[in-house]
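Heads up, the thing below is written out as structure tokens.
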Amino acid sequence: MSGHGTPEPMTAHRSGPLKGVAEIPGDKSISHRALIFGAMAVGETKITGLLEGQDVLDTAKAMRAFGADVIQHGPGAWSVHGVGVGGFREPEDVIDCGNSGTGVRLIMGTMATSPISATFTGDASLRKRPMGRVTDPLALFGAQSYGRKGGRLPLTLVGAANPVPVQYTTPMPSAQVKSAVLLAALNAPGETVVTEREATRDHSERMLAGFGAKLHVERTNAGNVITLQGQPELRPQVVAVPRDPSSAAFPVCAAVIVEGSDILVPGVSQNTTRNGLYPTLVEMGADITFENPREEGGEPVADLRVRASSLKGIEVPPERAPSMIDEYPVLSVVAAFAEGKTVMRGVKELRVKESDRIDAMARGLEACGVTIEEDEDTLIVHGLGGKVPGGATVATHIDHRIAMSFLVLGLASQKPVTVDDGSPIATSFPIFGKLMADLGADIR
Ligand code: S3P
């Protein structure tokens, strides 16, 4: 869904204690992968708990355009009849990935080693984001790309007719880049080796192994070395998508800062490549207990009991960044309510997300009366010990996480906070408004 509809301003008002159970929808990263990997398997993959956010719906549509049969059977229940590795057909029209960097980058990887061409586009946010980080390694397989300046969308990718395997070290911590290379490697003969110096979310490795790819991960001093043997036949799977820890972050952080709150958030991922926010909140003094640890949908999960807490600022270890990269916006909101400053270093990847998230958070927090410091790779928030003025309208730059972060802020600030456009929330967390209202949040 490209372009962007009429802006929908939303306002959060100071709220009474949040209470109840927050049932978080399916994980966005795993939902994209379930559809794409299902499309590359031979036979029918069955999915439950699929996130029906716009980003994932755009990926479902793209998989149909490449020839897979993707059917919705009921809420969250989908099936994908795959075409096999290398079986993608050439789409008849432009592939529109809407707001989704994960969607477009993973799909480009998947088609890069087939003898077909496709043109990709997206909304105004996605068209600003760098694609060279994916098209550079895909060129090593033999794919060619023709994009706008800096490799931006719209971009045409011409897949390699005779792909060769590659050896590649990702230049930035990015699961999207790693995954695009692994997906391209599926249809290249021989062995592709991807090295990442810092561990990023490992859903592709776990799920590809489940689908029958021949993949081996070695943890070395130089980082994770992933070796994939090309041209396997992928077996269809039954995928139960676990809940999204990045969506859970919003009610969890709201409960931490709204006085008197006490909520339960069941089934939050404890996958260490994803859950960096939670130890960080605990270090800040958040009252969170991790109950009933178990496995769900192949991921370690726990039920989180979260109570309002008094917080102190901390220095977030930079090496933790890849495991909580999507959570810095809402963490910086929590930091505004803490006593003392919270220092977030090593976060320059935030500048190339759905918006420049360092800039968006810095400007919004300042407008809400919070002092910040920033440089290219750092955000420092000077906490006000609970008394955050609010009372501003914040620009969200077509970024769902910026919108949700400032709505969370407005639940505990002295004056209401308005976001100029809440519509992008539907890309990742379509039931955010209802879920928060059910907990007692006053968001209009
Ligand atoms: C994602 C990887 C991360 C993350 C994004 C989802 C994924 O991006 O920010 O929301 O599903 O692989 P990068 O790969 O750019 O770090």
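Note on region 219-235: among residues that are touching a strand residue (DSSP E or B) at 6+ places or on another chain (Cβ under 8 Å), open to solvent by 50 Å² or more (accessible area, probe 1.4 Å) and not in a strand (DSSP E or B), the one that is modelled with the highest pLDDT is Arg235.
The lone criterion from (1) over 21 Å from Val85 (Cβ atoms); (2) open to solvent by 20 Å² or more (accessible area, probe 1.4 Å) left unmet by Met131 is number (2). Against the criterion of being of a type in the set (Phe, Trp, Tyr) and not assigned by TED's automatic domain parsing to the domain that holds Met324, Phe211 qualifies. Keeping to region 65-76, report how many residues are farther than 24 Å from Ala213 by Cα, in a strand (DSSP E or B) and open to solvent by less than 30 Å² (accessible area, probe 1.4 Å). So the count comes out to 1.
Within region 160-176, the set of residues being out of contact with any Gly (no Cβ under 7 Å at 6 or more places or on another chain), surrounded by fewer than 24 Cβ atoms within 10 Å (Cβ to Cβ) and over 13 Å from Ala139 (Cβ atoms) comprises Ala161, Gln167, Thr169, Thr170, Pro171, Met172, Pro173, Ser174. Filtering region 42-59 to residues that are of a type in the set (A, V, I, L, M) and surrounded by fewer than 24 Cβ atoms within 10 Å (Cβ to Cβ) leaves Val42, Leu57.
With the structure loaded, tell me whether Gly84 is free of Cβ contacts under 8 Å to residues at least 24 places away in the same chain and open to solvent by less than 60 Å² (accessible area, probe 1.4 Å) or whether it fails that test. So Gly84 does not fit the description; no. Within region 11-34, residues that are farther than 14 Å from Val258 by Cα have Cβ atoms under 9 Å from residues that are among the basic types (Lys, Arg) and within 16 Å of the ligand (Cβ to nearest atom) in these pairs: Glu23/Arg243; Ile24/Arg243; Pro25/Arg243; Gly26/Arg243; Asp27/Arg243; Asp27/Arg274; Ser29/Arg201; Ser29/Arg274, counting only partners at least 6 apart in sequence or on another chain.
Residues in region 142-158: is at least one open to solvent by less than 50 Å² (accessible area, probe 1.4 Å), more than 16 Å from the ligand (Cβ to nearest atom) and touching a Cys at 6+ places or on another chain (Cβ under 9 Å)? No, that holds for no residue. The set of residues in region 93-110 being open to solvent by less than 10 Å² (accessible area, probe 1.4 Å) and more than 18 Å from Ala124 (Cβ to Cβ) consists of Leu106, Ile107, Met108, Gly109, Thr110. Among the conditions (1) open to solvent by 10 Å² or more (accessible area, probe 1.4 Å); (2) over 18 Å from the mean Cα position of the chain (by Cα), Ala184 misses just one, which is (1). All of Glu315, Glu291, Glu295, Glu354 fail the test of being modelled with pLDDT under 95 and open to solvent by 10 Å² or more (accessible area, probe 1.4 Å), apart from Glu295.
The values are calculated or read from the model by the stated rules, or taken from the named source; none is laboratory data. Keep in mind that what you see is a predicted model, and the values were worked out from it rather than measured. For neighbour counting, all protein chains shown are included, and Cβ atoms are generated from backbone atoms with ideal geometry for every residue, glycine included. To get the accessible areas, we keep the full protein, side chains included, count just its heavy atoms, and leave off ligands, DNA and RNA. Shrake-Rupley method; radii C 1.70, N 1.55, O 1.52, S 1.80 Å.
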